[in-house]
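The values are calculated or read from the model by the stated rules, or taken from the named source; none is laboratory data. Quick caveat, the model's predicted, so the values are computed rather than measured. We place every Cβ from the backbone using ideal geometry, glycine too, and count neighbours over all the protein chains shown.
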């Protein structure tokens, strides 16, 4: 590793360390930490201070950051909590979002802003940034509430459907038949892994793997974490091998590992899954995910935006378009909620960045979107992350007693882990 790469990595870690401190000292308002990470990335990037150059070997850290972000997004999906009306409403809303986005992108194509493959751009504009929203939902204790469950269902479909569709459609190196075969194999392998975990790890009280996972939770072996990383990297590799989007592998692996909390019949195993969640969040939000947002900010070509009048115009129009594409179907369709709550959900749904940023870079490389237009859309996505979550959660009260209950549950989990290990060791 070169000195330049180490120096850039050092400044990434400095920015990641400063971000929570800056969030804490901002008075009276709660700013998502990803906003500060993006701003610090822009400030430390080559356009301003020149401390971080995304090309100095940091591309791998950024790539694994977005992979881990999608892994955690899949891990957090609580299917039992979002099934029913939240999932049906989110699916219906996404369908209307795609229709609106297709009309907007067709208009852009007629104006010469994008090429004839505008349906791919339309799919990209129908995403929702579940990864950056999850910490805000957790920190505000909103996950168990109707607002939290509907936000989760909107975000889950807003991440999964675009990734799945683009894995099939945005493929220039394989035939559609091969891509379809790859998807079938991928989901078959994923299902086999889930069934294996359910039968061998989840429900079997005498499972050898389960015993090792519990015994090594507080040791240097950390078998459960290693097993989860094996599933993550394995499915990411499988997706790449079949020329599918690696983010599909990341999301699917998180979903599979997260389902162990639903299928385990033993109380100790459920506690293990809650402890595992803490470990995954420490790895993701402590290391990899901040690197993704900081390097993304550093890679934002502010100079290119300033040089192009149409790019400067597209930045705010992109944020407005997200409200129209993702927010309007919710404002119209979620009639069981009052107006204020519908606006909150609309702002949540309109928050976009990780997937849009990744896809726009690929579209620019493929010539689907001009570089100034793609950069402007990424800039508009940064704007959505900076503004929409803040407005969505502004004045939103935490459920009564949720903070005390969460703290008490966390304390019980931590205190119970040594007891679990001792009991299992005695068997």
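Any residue in region 255-265 that is modelled with pLDDT under 75, surrounded by fewer than 18 Cβ atoms within 10 Å (Cβ to Cβ) and either outside any loop (DSSP other than H, G, I, E, B) or touching a strand residue (DSSP E or B) at 6+ places or on another chain (Cβ under 8 Å) (or both)? Scanning region 255-265, I find at least one residue that is modelled with pLDDT under 75, surrounded by fewer than 18 Cβ atoms within 10 Å (Cβ to Cβ) and either outside any loop (DSSP other than H, G, I, E, B) or touching a strand residue (DSSP E or B) at 6+ places or on another chain (Cβ under 8 Å) (or both), so the answer is yes.
Could you please let me know if residue 13 is surrounded by fewer than 18 Cβ atoms within 10 Å (Cβ to Cβ), under 24 Å from residue 250 (Cβ atoms) and without any contact (Cβ under 8 Å) to a residue 12 or more places away in the chain? Spelling it out, residue 13 is indeed surrounded by fewer than 18 Cβ atoms within 10 Å (Cβ to Cβ), under 24 Å from residue 250 (Cβ atoms) and without any contact (Cβ under 8 Å) to a residue 12 or more places away in the chain. Answer yes or no: is there a residue in region 131-152 that is modelled with pLDDT under 90 and within 24 Å of residue 186 (Cα to Cα). Yes, region 131-152 has at least one match.
Quick check on residue 180: is it at pLDDT 85 or above and assigned to a helix (DSSP H, G or I)? Let's see the steps before the verdict.
Numbers: at pLDDT 85 or above: no; assigned to a helix (DSSP H, G or I): yes.
Against the criterion (at pLDDT 85 or above and assigned to a helix (DSSP H, G or I)), residue 180 does not qualify.
All told, residue 52 meets the bar of being surrounded by 21 or more Cβ atoms within 10 Å (Cβ to Cβ) and assigned to a loop (DSSP other than H, G, I, E, B). Counting only residues that are at pLDDT below 80 and outside any loop (DSSP other than H, G, I, E, B), which one in region 159-177 is surrounded by the most Cβ atoms within 10 Å (Cβ to Cβ)? Among those residues, the one meeting the criterion is 167. Please tell me if residue 136 is within 23 Å of residue 31 (Cα to Cα), in contact (Cβ under 8 Å) with a residue 60 or more places away in the chain and part of a helix (DSSP H, G or I). The answer is yes for residue 136. Apart from one condition, residue 34 fits all of (1) crowded, with 22+ Cβ neighbours inside 10 Å; (2) not in a helix (DSSP H, G or I); the exception is (2).
Checked against (1) farther than 24 Å from residue 26 by Cα; (2) in contact with a helix residue (DSSP H, G or I) (Cβ under 9 Å, 6 or more places away or on another chain), residue 340 passes all but condition (2). With respect to residue 223, determine if the residue is touching a helix residue (DSSP H, G or I) at 6+ places or on another chain (Cβ under 7 Å), at pLDDT 80 or above and farther than 30 Å from residue 33 by Cβ. Yes. Restricting attention to region 24-40, which residues are touching a helix residue (DSSP H, G or I) at 6+ places or on another chain (Cβ under 9 Å) and over 20 Å from residue 283 (Cα atoms)? Passing the criteria: 26, 29, 30, 31, 39, 40. Here the helices (runs of 4 or more DSSP H) wholly within region 268-380 that include at least 3 residues being under 19 Å from the mean Cα position of the chain (by Cα) are 289-299, 339-349, 354-366. Being closer than 18 Å to residue 114 by Cβ, surrounded by 23 or more Cβ atoms within 10 Å (Cβ to Cβ) and modelled with pLDDT of 90 or more holds for only one residue in 325, 294, and it is 325. Checking the stated criteria, residue 41 turns out to be farther than 30 Å from residue 146 by Cβ, in contact (Cβ under 8 Å) with a residue 60 or more places away in the chain and buried (at least 24 other Cβ atoms within 10 Å of the Cβ).
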